[in-house]
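Please read the structure below before turning to the comments.
What follows draws every value from the coordinates through simple rules; no lab data is involved. Owing to the predicted nature of the structure, the values given are computational and were not obtained by experimental measurement. Positions of Cβ are generated from backbone atoms using ideal geometry, with glycine treated the same way; all protein chains shown enter the neighbour counts.
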Amino acid sequence: MKIKILLASACMMLASTTYVDAKKPEKDYLPEAGDVTIGVNAIPFLNYLGNMFGKVHENDINPVEIGGVPAFNKGVIPGLDNPTMSIFGKYFLTDKTAIRLNVGIGINSQTQSNYVQDDAAVAENPLSVDLVEDTYKYRNSGMSVAVGYEWRRGSKRLQGFWGGQAILAYSNSKHFFGYGNAITELNQNPTSTNAWANADILIDENNVILEPFPNINNNVGGNSRLLMQSDGRSWTYGVGGFVGVEYYIAPKISIGCEMSLNLLWTTGSKKYQKSERFNPDFNRVEENTRWTGKSDSGFRFGTENIGTSLFVAFSF
């Protein structure tokens, strides 16, 4: 009898729990009006995990990819290199609309050094083996900003979204040269490094060079040596549309992907060099500046991603 009473009580408790669960509202998976969403591109991390399990090659996350460098010259006409990783944010005006901001920033700095003969020491002692140091520094930087408006559709965890955006990107790169032996009246053509070879070259899994450390011949006209070389600045302006989907794997946490169709216009400034040489006519060291390349421009239209192609996002 007692067993029957216990079984009956257990059944009543289970029925009561099931009834309560049926009446319990579904979790708030989706962002709501007033929520803020932040996210990052997931591709570098997925590549890392894939390499870790597949043992394809050395498994690391490239810092240049994480930087999200957006705009560097592509041959004659400058273009917009898609940021491999950037940060985006959204502010939900309503449950179905949001304003968006996507930012990519990248700063690259590389340095080489080389030892050459110390001319002053050799002048005093021809048998001297003293050395001085020449340096070469490469600096580039870039940024991109995309501001957009987004509409959404879907009432469950799977959401579709679309909208438009305005795009602005900037890049600049320069080369700097330092020398251990100074140009003087007695030493008008000092010993120095005449060319700098490639140092750190970034290569993808298909052995394609991603961003070479450039070869620079710093002997200008056979009688001058470079102090600085500017590759010019570039500005990119554009408008575009985007479409994507995202799935909320937990309340306010989603994974998604998107593709954009953009019209981009890029302008590049003139390129120039600064060099130094000894002028025997005036018996002094002179610095000269000369133009090495004209300004250029070009446009692109097509499907591509500015920022986040596959992303992870969190809403608060």
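Below are the figures for this structure:
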| item | result |
| --- | --- |
| Residue exposure sequence - Leu93, Leu127, Leu227 - by fewest surrounding Cβ within 10 Å | Leu127, Leu93, Leu227 |
| Spin-label zone in the range 263-289 - amide nitrogen under 17 Å from a point set 7 Å from the Cα of Ser297 along the C-beta vector | 263-271 |
| Footprinting exposure proxy for Met259, Met143, Met228 (fewest neighbouring C-beta atoms within 10 Å first) | Met259, Met228, Met143 |
| FRET efficiency, Arg153 to Asn279 (Cβ-Cβ, R0 51 Å, nearest 0.05) | 0.10 |
| Inter-probe distance in nm under a simple model that places probes 7 Å from Cα toward Cβ, at Arg290 and Thr94 | 6.4 |
| Separation in nanometres of the label points that stand 7 Å from Cα toward Cβ, at Leu310 and Glu124 | 6.3 |
| Order of Ile249, Ile167 - criterion: other Cβ atoms within 10 Å of each residue's Cβ, fewest first | Ile249, Ile167 |
| For a label point 7 Å along the Cα-to-beta-carbon line of Gln110, residues of the range 134-167 with backbone N under 16 Å | 135-142 |
